[in-house]
Amino acid sequence: MKYYILFGPPGAGKGTHASVVTERFNLKHISTGELLRSEIAAGTELGKHAKTLIDAGSLVPDAVVEGMLESVFNNTTGYDGFLLDGFPRNISQAQDLDKILAARGEKVNAVIGLMISDDTIMARIKKRAAIEGRADDASETTIKHRIDTYHSVTEPLIEYYTNTDNYHQVRVEEPTIEGNQVILRALLDKIA
Ligand code: AMP
């Protein structure tokens, strides 16, 4: 199986553009944020615990997201691999992922970074708030906290994956989704 990571700050368009990558490589899309929002919607114990952290724009504990992820790995058939969206979010999750994959005789095949400026993050998330109604998109303070978390604990992953030589990055600041998809498709042409 192939393991691809769609990386980038909140609002970069990971969810929007995931299908471009999954269709190209026949991958199952796994968004840890979506999995957590489903747990909240279903009213599970996990969802109840995660909700306070998510609504405040904070990360949920590594073990929680890693447990959900492994469960999808173990229960998926019919794909050539996975596209991880929103995971890993910090260095310890990346190290745990390496261990989880090594135990399966696998590794991360490619990391695709979608980059935008902090101003674009703020503008896009405010726009999304009106459409999707996510609690963690609603306040400027929460968005700022997520941007700060991205810079302090998530962005160091760029160096982590650059060191393994499988990091690929594009800027996706075009005003339209289609414009950014052209940029992303051109990058995918260079990834095996
Ligand atoms: P996202 O949909 O990726 O923007 O994630 C929404 C929220 O879910 C994040 O702000 C975190 O609270 C939580 N979350 C998603 N993925 C992770 C992860 N890999 N580690 C910790 N928390 C996560």
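Structure above, values below:
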{"quantity": "Whichever residue in the range 122-137 is within 13 Å of the ligand (Cβ to nearest atom) and more than 19 Å from GLN181 (Cβ to Cβ) and, among such residues, is surrounded by the fewest Cβ atoms within 10 Å (Cβ to Cβ)", "calculated": "GLU132"}
{"quantity": "Residue check, ALA63 modelled with pLDDT of 95 or more and either over 30 Å from GLY179 (Cα atoms) or surrounded by fewer than 17 Cβ atoms within 10 Å (Cβ to Cβ) (or both)", "calculated": "yes"}
{"quantity": "Breaking point among (1) more than 19 Å from the chain's Cα centre (by Cα); (2) free of Cβ contacts under 8 Å to residues at least 40 places away in the same chain, for GLU132", "calculated": "(1)"}
{"quantity": "Residues that are within 14 Å of ASP96 (Cβ to Cβ) and assigned to a helix (DSSP H, G or I), drawn from the range 46-72", "calculated": "ASP62, ALA63, VAL64, VAL65, GLU66, GLY67, MET68, LEU69, GLU70"}
{"quantity": "Any hit, the range 100-110, residues being surrounded by 14 or more Cβ atoms within 10 Å (Cβ to Cβ) and among the polar types (S, T, N, Q)", "calculated": "yes"}
{"quantity": "Count - residues of the range 73-93 that are free of Cβ contacts under 8 Å to residues at least 60 places away in the same chain and either assigned to a helix (DSSP H, G or I) or within 14 Å of the ligand (Cβ to nearest atom) (or both)", "calculated": "4"}
{"quantity": "Output for the range 139-169, where each listed residue is of a type in the set (A, V, I, L, M) and either touching a strand residue (DSSP E or B) at 6+ places or on another chain (Cβ under 7 Å) or farther than 24 Å from MET122 by Cα (or both)", "calculated": "LEU157, ILE158"}
{"quantity": "Candidate set: the range 83-99, residues that are within 13 Å of the chain's Cα centre (by Cα) and of a type in the set (A, V, I, L, M); chosen: the one surrounded by the fewest Cβ atoms within 10 Å (Cβ to Cβ)", "calculated": "ALA94"}
{"quantity": "Out of ALA63, ALA50, ALA12, ALA18, sole residue that is within 15 Å of the ligand (Cβ to nearest atom) and touching a His at 6+ places or on another chain (Cβ under 7 Å)", "calculated": "ALA18"}
{"quantity": "Residue match in the range 115-122 (condition: within 14 Å of the chain's Cα centre (by Cα) and touching a residue at least 12 places away in the same chain (Cβ under 8 Å))", "calculated": "yes"}
{"quantity": "Looking only at the range 152-172, and only at residues there that are assigned to a helix (DSSP H, G or I) and away from the ligand (no atom under 14 Å from the Cβ), the one that is surrounded by the fewest Cβ atoms within 10 Å (Cβ to Cβ)", "calculated": "GLU159"}
{"quantity": "Qualifying residue in the range 27-40 (condition: farther than 30 Å from LEU187 by Cβ and at pLDDT 95 or above)", "calculated": "yes"}
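Matching residues to (1) closer than 19 Å to TYR150 by Cα; (2) among the hydroxyl-bearing types (Ser, Thr, Tyr); (3) not in a loop (DSSP other than H, G, I, E, B):
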position: ILE100; (1), (2), (3): no, no, yes
position: VAL108; (1), (2), (3): no, no, no
position: GLY113; (1), (2), (3): yes, no, yes
position: MET122; (1), (2), (3): yes, no, yes
position: LYS126; (1), (2), (3): yes, no, yes
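The values are calculated or read from the model by the stated rules, or taken from the named source; none is laboratory data. These figures come from a predicted structure and were not determined experimentally. Cβ coordinates were reconstructed from backbone atoms using ideal geometry, including for glycine residues, and neighbour counts include every protein chain displayed.
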